[in-house]
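The values are calculated or read from the model by the stated rules, or taken from the named source; none is laboratory data. Just so it is clear, the structure is predicted and the values come from calculations on it, not from any experiment. FYI the Cβ positions are ideal-geometry reconstructions off the backbone, even for glycines, and counts take in every protein chain you see.
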Amino acid sequence: MRFLRNFVFIALAIVLVGCAGVNQNLEIQVSEQANPWTHLNLYNKADNFQFAIVSDRTGGHRPGVFADAVEKLNLLKPEFVISIGDLIQGYTEDDAELNTMWDEFDGLVNRLQMPFFYVPGNHDISNPVMAKKWHQRLGPSYYHFVYHDVLFLCANTEDPYRRCIGDRQIEYFRKVLKDNSKVRWTLVFMHEPLWKPDEKFDTDKGKENWHKFESLLAGRPYTVFSGHQHRYDKSVHNSRRYYVLATTGGTQGKEPTLAKCRFDHIVWVTMTDDGPVMANLLLEGILDDEPCPQ
């Protein structure tokens, strides 16, 4: 009888380790009666990858905040980090000054232990000199990549001027979306939330091209991430989620309160079969393993 019980135990363990969705490296003793766990379907599917997004660093830059985010990203270990723009203070045509700004920012992100993807904001490209500097140092101001069957679109909303996605960019993304029509999800990263009206900077051409860009996304599952307004917001358009992120070092106004959705954060995204699951990690809530100061 004891031999039979042991046989059942071994058989159950073998079946369990071989089950779909269970870590093949999991070794655990399984009883044929009761076990002190809910289930062993570990959340370790490779396609459920995790990455982080950082938001506006400038536009009223507060020193030290973004550097703190870099250190905390190294604690969190996302697979990569992606931005939504406003990385330098900008708004200058002085070559030496621009190089100093970019050197400072590159010095920060070079401390990251994972890849960092740049996306431009109005503080990064606000005149032809800054556009040329971006191209010299970073290459294209818009691009895409595919990871685990998820399409990442990194758009430039300052092309060729504020709150506009230029014609060449539209055609570029038209081809990208056509060539990647079967991906399981599409994620869009851009600085200015072009779906929100801006009486000061909106133009007929800018609005027209935004509608063209949105129409290219029709019929596929997608999610949009933007920044610029320094205040967190979420809305639904075309049955899809559109996010405006808060800050990772940019100004928060006179009342930086959670009630007004103004905070410094890292956005933690887990990609699932049902789309991205998003968590806002406030910088002040991420601590390392050192004891609290007395």
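Worth pointing out:
- Complete set of residues in the stretch 113-141 that are outside any strand (DSSP E or B), out of contact with any Asp or Glu (no Cβ under 7 Å at 6 or more places or on another chain), hydrophobic (A, V, I, L, M, F, W, C) and surrounded by fewer than 19 Cβ atoms within 10 Å (Cβ to Cβ): A131, L138
- Residue within the stretch 233-244 that is at pLDDT 95 or above, assigned to a loop (DSSP other than H, G, I, E, B), within 20 Å of the chain's Cα centre (by Cα) and under 17 Å from V267 (Cα atoms) present: no
- Residue, surrounded by the fewest Cβ atoms within 10 Å (Cβ to Cβ), within the stretch 245-264, restricted to residues that are hydrophobic (A, V, I, L, M, F, W, C) and assigned to a loop (DSSP other than H, G, I, E, B): C261
- Looking only at residues of the stretch 171-203 that are among the basic types (K, R) and free of Cβ contacts under 8 Å to residues at least 60 places away in the same chain, we find that the one that is nearest to H237 (Cα to Cα) is K196.
- Pairs where the first residue, in the stretch 121-139, is assigned by TED's automatic domain parsing to the domain that holds F225 and the second is at pLDDT below 95, C-beta under 7 Å, 6+ apart: H123/G59
- The number of residues in the stretch 43-76 that are under 20 Å from D273 (Cβ atoms) and surrounded by fewer than 21 Cβ atoms within 10 Å (Cβ to Cβ) comes to 8.
- The numbered conditions (1) touching a residue at least 60 places away in the same chain (Cβ under 8 Å); (2) buried (at least 22 other Cβ atoms within 10 Å of the Cβ); (3) at negative phi are all true for D86 except (3).
- Restricting H144, H148 to residues that are under 30 Å from F49 (Cα atoms) and either surrounded by fewer than 16 Cβ atoms within 10 Å (Cβ to Cβ) or over 21 Å from the mean Cα position of the chain (by Cα) (or both) narrows the list to H148.
- Scanning the stretch 200-232 for residues that are in a loop (DSSP other than H, G, I, E, B) and basic (K, R), we see that the one that is surrounded by the fewest Cβ atoms within 10 Å (Cβ to Cβ) is K200.
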